[in-house]
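Encoded as structure tokens, the structure appears first; notes follow it.
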Amino acid sequence: MKKIAVLVKDVDQQYEALRTSLGALLEMAEVSMFVLDHEIADMDEAYSENMEFLDEMEGLRYSNNQANVDKYGFQPVTLADVGEAVKASDIVIPF
């Protein structure tokens with residue numbers, strides 16, 4: 001199974017990154033999505049439902065922004081941890 005890391009640094013690309021993560025999960029990949037340096041900008045119903053779908057499909061969600069951890073259930077991560085995850089990944093998709 002391929003390991004894919006989706007790195008989300010561009011606030012305007014958050015939704016596209018989540019959709020990409022879901023698509024990769026449908027292809028039977030192991031996906032970790034990292035939202036870095038910012039809080040989710042628009043937690044509307046569609047984004048929330050897609051995050052639930054990511055969880056149901058056993059995708060992983062991480063953030064180094066404490067608000068995402070507290071409000072939206074992301075797992076906390078340090079930049080050092082992100083670096084290790086990137087090294088261990090077969091594919092890295094930056095946003």
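Values in this text are rule-based calculations from the coordinates and carry no lab data. Just so it is clear, the model here is predicted, and its values are computed rather than measured. Ideal geometry is used to build each Cβ from the backbone, glycine not excepted, and the neighbour counts take in all protein chains shown.
Test GLU39 against the criterion of being of a type in the set (D, E, K, R) and assigned to a helix (DSSP H, G or I), and give yes or no.
no
Under 8 Å by Cβ, and 6 or more places apart or on different chains, what pairs join a residue from the stretch 72-85 that is of a type in the set (Asp, Glu) with one that is not in a loop (DSSP other than H, G, I, E, B)?
ASP81/TYR62
Please work out which residue is surrounded by the fewest Cβ atoms within 10 Å (Cβ to Cβ), limiting yourself to the stretch 3-34 and to residues that are touching a helix residue (DSSP H, G or I) at 6+ places or on another chain (Cβ under 8 Å) and under 13 Å from ASP90 (Cα atoms).
Restricting to residues being touching a helix residue (DSSP H, G or I) at 6+ places or on another chain (Cβ under 8 Å) and under 13 Å from ASP90 (Cα atoms), the top hit is LYS3.
Hey, could you check the stretch 59-95 for residues that are acidic (Asp, Glu) and over 21 Å from GLU16 (Cβ atoms) and say which is surrounded by the most Cβ atoms within 10 Å (Cβ to Cβ)?
ASP81
Would you call ASP90 within 15 Å of VAL6 (Cα to Cα), acidic (Asp, Glu) and in contact with a Phe, Trp or Tyr (Cβ under 8 Å, 6 or more places away or on another chain)?
So ASP90 fails the test.
Can you work out which of the residues in the stretch 35-58 that are more than 17 Å from SER21 (Cα to Cα) and acidic (Asp, Glu) is surrounded by the fewest Cβ atoms within 10 Å (Cβ to Cβ)?
Filtering the stretch 35-58 for residues that are more than 17 Å from SER21 (Cα to Cα) and acidic (Asp, Glu), the one surrounded by the fewest Cβ atoms within 10 Å (Cβ to Cβ) comes out as GLU45.
So which residues in the stretch 64-80 are part of a helix (DSSP H, G or I) and within 13 Å of VAL35 (Cα to Cα), if there are any at all? Show your work before the answer.
Start the filter on the stretch 64-80 by keeping residues that are part of a helix (DSSP H, G or I), which leaves 66-72, 79-80.
Scanning the stretch 64-80 gives GLN66, ALA67, ASN68, VAL69, TYR72, LEU79.
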